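The next block holds one structure in the form of structure tokens; read it before the comments.
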Amino acid sequence: MSSFSVKNVNQIFGTGTAKVHVLHDVNFEAEPGTLSLIMGPSGSGKSTFLTIAGGLLTPTSGEVTVNGETYTDRTKKQRDALRLDSIGFVLQTYHLLPYLTVADQFKLVDKVKPNGNLSKAELDDVLETLGIEQLINKYPGELSGGQQQRVAIARALYPNPAIILADEPTAALDGSRVKVVGELLKSLAVKHHKAVVVVTHDARLIEAADHLYEMQDGYLTKK
Amino acid sequence: MFLALKEIKKEKLRSGLIIAMIVLISYLIFILTSLALGLARQNTDAINSWHVDQVTLNSSANTDMRQSFLTAEQVGKLTKKEALIGETSVVAKAAGHKQLSAVFIGLDDTQFVAKNLVLESGHQVKQAHQIVVDDSLKLEGYKLGSRIKLNDSQTRYTIVGFTKNAKMNIAPVVYGQLTTWQTLRGLTNGPVASAIVSQNMHYKTTKQGTKTYSTAKVIEKLPGYQAQTTTFVMMIAFLMVISLIIIAVFLYILTMQKLPNYAVLRVQGIPSRVLVGATVSQSVLLVVSGLVFGTILTIITALVIPPAIPMAFDIPVLSAVGAGLLVMALIGGLIPIKSVLNVDPVSVIGG
Ligand SMILES: Nc1ncnc2c1ncn2[C@@H]1O[C@H](COP(=O)(O)OP(=O)(O)O)[C@@H](O)[C@H]1O
Ligand SMILES: [Mg+2]
């Protein structure tokens, strides 16, 4: 069974003449250990897809399943819990809390979700892989963009989620870093056995992908 | 709490400024309250020191002890729980001293008011030409043994004792004998006192032309007393409301600035409850630390304030004011909660 699936999802915003059909019968599956890349031009529906995939928005129709658990028809609270447990988000801008040190970013997760997070040894391993083990007592404001992004990736991994959803992770990076981040996301999938889904319009990430999808005017097709 | 503490720790300057603002607001309110209370007490200290429940006056005296006269017949028989008071305004004069407005209170030295008078130094009045005065007269240079004239009589009265907290109508009290009161008022025959004060809650007069009031009622009717206390209470109430608004605005701005961060936390599945908890506990932490420093400043002020300034630092009253401020601040801190609950995590997912 796939760890993550989106079935027959339609998303319609607005009513009457203002009605916009943004996603059309979208189907998608992701396996642990693979990196899926969803490409598409601006306005094609990538962010809407990610919002629904992450349980932030209930689709007009269709269902989303994570590890066999269906999102749709869940209360806001239950979706919060599922998100905290099963989905790691890597956002376009790194969005670390400015007043927490790197170590405290993880401690916050412990406060809210005491169980099932990475052990100390596992976290140290992740930090080392990402090359940020020296930065543990720094505030985000003291880090470079690339360092912040790696911290954000570690933060997304920390609750040990089944899937990692990344929204335009390279949008704020220069060329040389794009390749590094692509490899990083790929190694996340392989080494930590996660289903990694990356939404982007950055074609430079293609070489890292196991599966490639294209979003065009709300239709998702596998390449 | 975790988030709140971490943020205060990181944003030391910002938190410090907000705490400083709350310190100043609470200090201002504490000092004003103490001044108001001090002034109110100067109206009533003497009467409060007698610990009486009922005051019987001439029924046509408009509840003013200074305007009341009771005849021996109106006074009738008294128990050990009643005492006679003869009150009148006087001007005290002595060579080398400024004239001083005071309140003369004549007592019968066999009755409880005179007997229970707590002296700081000296002894009780034993003769007609002896007086016990409020210790504020020391600040005017009077000592035990000083002789003063009252009004324009040529008689000299000797200060034989000092007592604390003897103030009436914001003037120092001069305690003497009831006969002295009669002399000062020019009453050789007829009225024997202004009032009967009683420690018996159920004391009630039956005599013609007299009326019994509760002590609270008599205090309320002191000239100017109510206008003064109402003014201060209104001032403090307005200050409370204004501080509510100021604190609320600051906490609101503080929270609004954090909404984008909160949206990210919502995306990550951190429940709203945690964010609300962080917001509220931050407000409480800031306000409580502000109140603590404000209290410390008030205590320091209480220790160094010159005795001539009428301030009364009453712990129950100041605690109530502090609690009021805390409640106000909590209300202020709750206003942005709605925005925290409505944070839209979708806004973080990039276009
Ligand atoms: N809340 C909304 N209400 C109405 N239209 C929306 C809303 N969100 C997105 N859209 C529309 O859906 C389309 C897809 O948007 P989006 O998913 O952000 O695309 P992408 O991320 O690929 O640029 C756009 O035409 C956008 O205007
Ligand atoms: Mg987008």
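Numbers for the structure displayed
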item: Qualifying residues in region A:76-105 (those that are modelled with pLDDT of 85 or more and part of a loop (DSSP other than H, G, I, E, B)) - the one farthest from residue A:197 (Cα to Cα); result: A:99
item: Residue B:244 surrounded by 13 or more Cβ atoms within 10 Å (Cβ to Cβ), among the aliphatic types (A, V, I, L, M), more than 32 Å from the chain's Cα centre (by Cα) and away from chain A (no Cβ under 14 Å); result: no
item: Residue list for region B:141-152, restricted to those being open to solvent by 40 Å² or more (accessible area, probe 1.4 Å) and either under 18 Å from residue B:107 (Cα atoms) or in contact (Cβ under 8 Å) with a residue 12 or more places away in the chain (or both); result: B:143, B:144, B:145, B:147, B:149, B:151
item: Any chance residue A:150 is open to solvent by 30 Å² or more (accessible area, probe 1.4 Å), at pLDDT 80 or above and closer than 14 Å to residue A:126 by Cβ; result: yes
item: Given (1) part of a strand (DSSP E or B); (2) open to solvent by less than 60 Å² (accessible area, probe 1.4 Å), number of the condition residue A:221 does not satisfy; result: (2)
item: From the options B:126, B:98, B:138, residue that is over 20 Å from residue B:308 (Cα atoms) and open to solvent by 40 Å² or more (accessible area, probe 1.4 Å); result: B:126
item: Hits in region A:49-72 - residues which are in contact (Cβ under 8 Å) with a residue 40 or more places away in the chain, within 13 Å of ligand 1 (Cβ to nearest atom) and open to solvent by 10 Å² or more (accessible area, probe 1.4 Å); result: A:57, A:59, A:60
item: Selected residue (criterion: modelled with the lowest pLDDT) from residues of region A:169-194 that are within 14 Å of another protein chain (Cβ to nearest Cβ) and under 15 Å from the mean Cα position of the chain (by Cα); result: A:171
item: Per-region count, region A:195-208, residues more than 16 Å from ligand 1 (Cβ to nearest atom) and modelled with pLDDT under 90; result: 4
item: Sole exception among (1) touching a residue at least 12 places away in the same chain (Cβ under 8 Å); (2) loosely packed, with under 15 Cβ neighbours inside 10 Å for residue A:75, by number; result: (1)
item: Any hit, region A:78-100, residues being of a type in the set (D, E, K, R), within 12 Å of another protein chain (Cβ to nearest Cβ), within 13 Å of ligand 1 (Cβ to nearest atom) and open to solvent by less than 40 Å² (accessible area, probe 1.4 Å); result: no
item: Selection count where residues are without any contact (Cβ under 8 Å) to a residue 40 or more places away in the chain, open to solvent by 10 Å² or more (accessible area, probe 1.4 Å) and assigned to a helix (DSSP H, G or I), scope region A:127-145; result: 5
item: Out of B:71, B:79, B:88, B:110, sole residue that is surrounded by fewer than 16 Cβ atoms within 10 Å (Cβ to Cβ), within 15 Å of residue B:178 (Cβ to Cβ) and among the hydroxyl-bearing types (Ser, Thr, Tyr); result: B:110
item: Failed item, numbered, when residue A:44 is tested on (1) within 16 Å of ligand 2 (Cβ to nearest atom); (2) part of a helix (DSSP H, G or I); (3) hydroxyl-bearing (Ser, Thr, Tyr); (4) more than 11 Å from chain B (Cβ to nearest Cβ); result: (2)
item: Top-ranked residue in region A:111-122 [being farther than 19 Å from residue B:272 by Cβ and part of a helix (DSSP H, G or I); ranked as most open to solvent (accessible area, probe 1.4 Å)]; result: A:120
item: Any hit, region B:99-111, residues being in a loop (DSSP other than H, G, I, E, B), assigned by TED's automatic domain parsing to the domain that holds residue B:75 and touching a residue at least 40 places away in the same chain (Cβ under 8 Å); result: yes
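Yes/no per residue for (1) within 16 Å of ligand 1 (Cβ to nearest atom); (2) touching a Leu at 6+ places or on another chain (Cβ under 6 Å):
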{"site": "A:145", "(1), (2)": "no, no"}
{"site": "A:150", "(1), (2)": "no, yes"}
{"site": "A:157", "(1), (2)": "no, no"}
{"site": "A:166", "(1), (2)": "yes, no"}
{"site": "A:169", "(1), (2)": "yes, no"}
{"site": "A:181", "(1), (2)": "no, no"}
{"site": "A:186", "(1), (2)": "no, yes"}
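Residues checked against (1) modelled with pLDDT under 85; (2) open to solvent by 60 Å² or more (accessible area, probe 1.4 Å); (3) polar (S, T, N, Q); (4) touching a strand residue (DSSP E or B) at 6+ places or on another chain (Cβ under 7 Å):
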position: B:261; (1), (2), (3), (4): no, no, yes, no
position: B:284; (1), (2), (3), (4): no, no, no, no
position: B:289; (1), (2), (3), (4): no, no, yes, no
position: B:346; (1), (2), (3), (4): yes, no, no, no
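For (1) more than 14 Å from chain A (Cβ to nearest Cβ); (2) open to solvent by 30 Å² or more (accessible area, probe 1.4 Å), each residue gets a yes or a no:
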position: B:252; (1), (2): yes, yes
position: B:269; (1), (2): no, no
position: B:280; (1), (2): yes, yes
position: B:299; (1), (2): yes, yes
position: B:334; (1), (2): yes, yes
position: B:341; (1), (2): no, yes
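The values are calculated or read from the model by the stated rules, or taken from the named source; none is laboratory data. Note that the coordinates shown come from a computational prediction; the quantities given were computed from them, not determined experimentally. Every residue, glycine among them, receives a Cβ derived from its backbone with ideal geometry; neighbour counts consider all protein chains shown. The accessibility values were calculated without ligands, DNA or RNA, using every heavy atom of the protein model including side chains. Shrake-Rupley method; radii C 1.70, N 1.55, O 1.52, S 1.80 Å.
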